[in-house]
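Here is the structure we will look at, set down as structure tokens.
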Amino acid sequence: MAKHSIGLIPGDGIGPEVIGETVRVLQALCGIEKKLKLDFKKFPWGSDFYHKHGKMCPENYLTTLETFDAILLGAVGRPDIPDHITLNELLLPIRRGFDLYVNKRPIILYKGLKSPLRDYVPGDIDILFFRENTEGEYSPMGGRHYEGYPNEIATQIAIFSRLGCKRIIEESFEASLKRKKHVTSVTKSNAQGHTLVLWDEIFDEVSKQKKYQRVQTNKLLVDAAALDFVRKPEIFDVVVSTNLFADILTDLGAGIVGGLGIAASANYNPNGKVPGLFEPVHGSAPDIMGKGISNPVATLFSASMMLEFLGEEKASSRLDASVREHLSSGNTTPDLGGSGSTKSVANEIIKKL
């Protein structure tokens, strides 16, 4: 096992709290998995940095980050800075700069958690969602014309390339081979007849590849998919969708399995030549900042995905199992109905390692 360098961006709100406890758990894990070596370096980028320097991070920050094996991020965003600044000046450039075109988000109803959906119990919902992460509706192309005048116009151009669609769809099919061999594609191609018809065509092409001949497929429009996420989530196994639709549906997915406090994500390029970015989905949650009650589970699950990305499968499985065992114990944070603190949750997980 090699020593892995991890760049830490705690960021804003509860980000420093969940990152701090996650690092503590990872350090304890290194004490158990003797061959696991993690070297952490923290960067003070985010909203405080913006108020001091007029930007979210230094201009050369991607050059700094590219020397790391992986990046662990807490959250970015604060009410006193417009969201489009925090997103476009820190997070999205990392995804695009390193071409981290895969955004993987598990949606699992874990033992010990209760779904708001009637009659669903742990084990009934287990979805692996693949989000296209570098183009689509989040492409930074467009502009504003006649700004400030009554006839002002704003455009945002969605970019869908054959390469971009094919590679994320293929990644979802590869994942399906290790699961139930079923992939659902979600678009709105009845209304977006150029970009998402291209997506549909490529999805069909990929499904016909010889190595995927055993994979069953389904195609849903995003409104129908949202309905079925609530009505019959058990029909989904692997789901692949566009940057915007996947962003929305995975938050809905988190809602049906316990909330954003457990929602993890991995941003990576399968070529393994650039660092992956691992982060909880929940955001900065400024309303509970500093109260010590933020749930570190989403960050810990993200850290488990990071270890898997680094090739540390044994350590990844140990951490994942310990977090799952914690959830089944009921000693959770208030967002899951418990009375635990960020620190007490981390302490319990360390004991279960």
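Here, each number is a calculation from the coordinates, and none is a lab measurement. Here the structure is a predicted model, which means the values were calculated and not measured. Please note: Cβ atoms are built from the backbone with ideal geometry, for glycine as well, and neighbour counts cover all protein chains shown.
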Residue of 301, 160, 278 that the Gaussian network model of the chain assigns the largest fluctuation, springs spanning Cα pairs under 10 Å: 160
FRET efficiency for residue 313 and residue 190, using Cβ-Cβ distance with R0 set to 45 Å, rounded to 0.05: 0.60
Cα-Cα over 32 Å, subset of 104/232; 180/273; 35/181: 35/181
GNM result for the chain, Cα springs below 10 Å: residue of 103, 88, 60 fluctuating most strongly: 60
Most fluctuating residue given options 281, 323, 215, as computed from a GNM of the chain linking Cα atoms under 10 Å: 215
Ranked list, fewest to most other Cβ atoms within 10 Å of each Cβ, for 165, 57, 30: 30, 57, 165
Cα centre as origin, Lys/Arg/Asp/Glu Cβ charges: the chain dipole, Debye: 1180 debye
Per-residue Cβ neighbour rank within 10 angstrom, fewest leading, 96, 105: 96, 105
Residue-by-residue Karplus 3J(HN,Hα) for the stretch 201-218, coefficients 6.51, -1.76, 1.60, Hz, glycine and proline x: 4, 5, 4, 5, 4, 5, 4, 8, 4, 4, 6, 10, 5, 8, 8, 7, 10, 8
Around residue 212: net Lys/Arg minus Asp/Glu count, Cβ-Cβ under 9 Å: +3
Relative exposure of 138, 101, judged by other C-beta atoms within 10 Å (fewest first): 138, 101
Distance (nanometres) between label positions extended 7 Å along Cα→Cβ at residue 205 and residue 182: 2.7 nm
Residues of type aspartates and glutamates that residue 351 reaches as a straight line, Cα spacing below 19 Å, ignoring anything fewer than 8 places off in the same chain: 21, 33, 320, 325
Convex hull of the stretch 71-140 built on C-alpha atoms - directionally averaged projected area, nm²: 7.0 nm²
Using θ = phi - 60° and Karplus 6.51 cos²θ - 1.76 cosθ + 1.60, couplings along the stretch 166-183 (whole Hz; Gly, Pro as x): 4, 5, 6, 5, 4, 4, 5, 5, 4, 5, 5, 5, 9, 10, 8, 6, 9, 10
